[in-house]
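The values are calculated or read from the model by the stated rules, or taken from the named source; none is laboratory data. Predicted model, so just to flag it, every value in this text is computed and none were measured. Reconstructed Cβ throughout: ideal geometry from the backbone, glycine too, with neighbour counts over all protein chains shown.
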């Protein structure tokens, strides 16, 4: 392991901190595994929580691949990749969105973009086959995220063009707030559902939508995926990783990232 780390470090740019990147990768892997095990213990195999975490890992994996692809042809790909949530490309550097350095509308716009992407990933994950073996599983899951990213660019353009600015600003916060309340209420799911229906049919219907209907569960998974990715972006900012080197000389450092994300994607999305 030390030999591999030294070999990678010897070919990296001087400003690239390989140790810090590997440490961050281990934090992400450990956190994802903890959520996956928690979901398996509390909700059973392939629970909605595990699907949400798996979708987040899948998005991160395609982001890592996107960095590699962008490095080879930045002039042609930059305009297609720039609408991706929370990242922007500037030459040989990738800029991570800053929560603390941005105004409220900008934060909400980025969160809304990620919410749309997460919803599409979870939606397509329900429609596209799981595959008969590990190779076909990866092929279909990769197709899921790529199609979702392509659709996200279209949906985001339509939303920006036709939705009022007020909805663009407050929609993500409203949805996340609703989910937070509903998750707290889910501890007494059956009893509360009956009580809410008797006391207030509207509250009962909202509760049933988020926890009984397919649409509600799908939206819930999308919100959880978005929260996980938002937390990761904030963690990157907190640890001082706002600017990431993506020069061609640094590509070898992303090999461990891609391998770990691939393994985590399969473990969370299929095994747990």
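In the stretch 23-47, what residues are surrounded by 16 or more Cβ atoms within 10 Å (Cβ to Cβ) and farther than 13 Å from residue 264 by Cβ?
Start the filter on the stretch 23-47 by keeping residues that are surrounded by 16 or more Cβ atoms within 10 Å (Cβ to Cβ), which leaves 24-25, 28-29, 32, 35-36, 39-40, 46-47.
Correct list: 24, 39, 40, 46, 47.
If a residue must be surrounded by 15 or more Cβ atoms within 10 Å (Cβ to Cβ), part of a helix (DSSP H, G or I) and more than 14 Å from the chain's Cα centre (by Cα), how many such residues does the stretch 95-113 contain? It would help to see each step written out before you state the result.
Here is the first cut: in the stretch 95-113, the residues surrounded by 15 or more Cβ atoms within 10 Å (Cβ to Cβ) are 96-99, 107-113.
Narrowing further to those that are part of a helix (DSSP H, G or I): 107-113.
In the following step, the residues that additionally are more than 14 Å from the chain's Cα centre (by Cα) were identified as 107-109.
Of the residues in the stretch 95-113, 3 are surrounded by 15 or more Cβ atoms within 10 Å (Cβ to Cβ), part of a helix (DSSP H, G or I) and more than 14 Å from the chain's Cα centre (by Cα).
How many of the residues in the stretch 124-166 are closer than 22 Å to residue 48 by Cα, modelled with pLDDT under 85 and surrounded by 17 or more Cβ atoms within 10 Å (Cβ to Cβ)?
2
Six or more apart or on different chains, Cβ under 9 Å: which pairs go from a residue in the stretch 26-48 that's on the phi > 0 side of the Ramachandran plot and in contact (Cβ under 8 Å) with a residue 24 or more places away in the chain to one that's in a loop (DSSP other than H, G, I, E, B) and surrounded by 13 or more Cβ atoms within 10 Å (Cβ to Cβ)? Could you list them?
46/272
Being assigned to a helix (DSSP H, G or I) and modelled with pLDDT under 75 is the requirement here; does residue 78 meet it?
Against the criterion (assigned to a helix (DSSP H, G or I) and modelled with pLDDT under 75), residue 78 qualifies.
Select from the stretch 61-75 the residues that are at pLDDT 60 or above and surrounded by 14 or more Cβ atoms within 10 Å (Cβ to Cβ) and list them in ascending order. Break it down stepwise before answering.
At the first step, the residues of the stretch 61-75 found to be at pLDDT 60 or above are 61-73.
Passing the criteria: 61, 62, 63, 64, 65, 66, 67, 68, 70, 71.
Can you name the residue in the stretch 223-272 that is in contact with a strand residue (DSSP E or B) (Cβ under 9 Å, 6 or more places away or on another chain) and assigned to a loop (DSSP other than H, G, I, E, B) and is also nearest to residue 98 (Cα to Cα) among such residues? It would help to see each step written out before you state the result.
Kept after step one, since they are in contact with a strand residue (DSSP E or B) (Cβ under 9 Å, 6 or more places away or on another chain), are these residues of the stretch 223-272: 233, 236-237, 241-247, 250, 253.
This time we only want the ones that are assigned to a loop (DSSP other than H, G, I, E, B), so: 241-242, 246-247.
Numbers: 241: 10, 242: 7, 246: 18, 247: 22 Å.
Among residues in the stretch 223-272 that are in contact with a strand residue (DSSP E or B) (Cβ under 9 Å, 6 or more places away or on another chain) and assigned to a loop (DSSP other than H, G, I, E, B), the one nearest to residue 98 (Cα to Cα) is 242.
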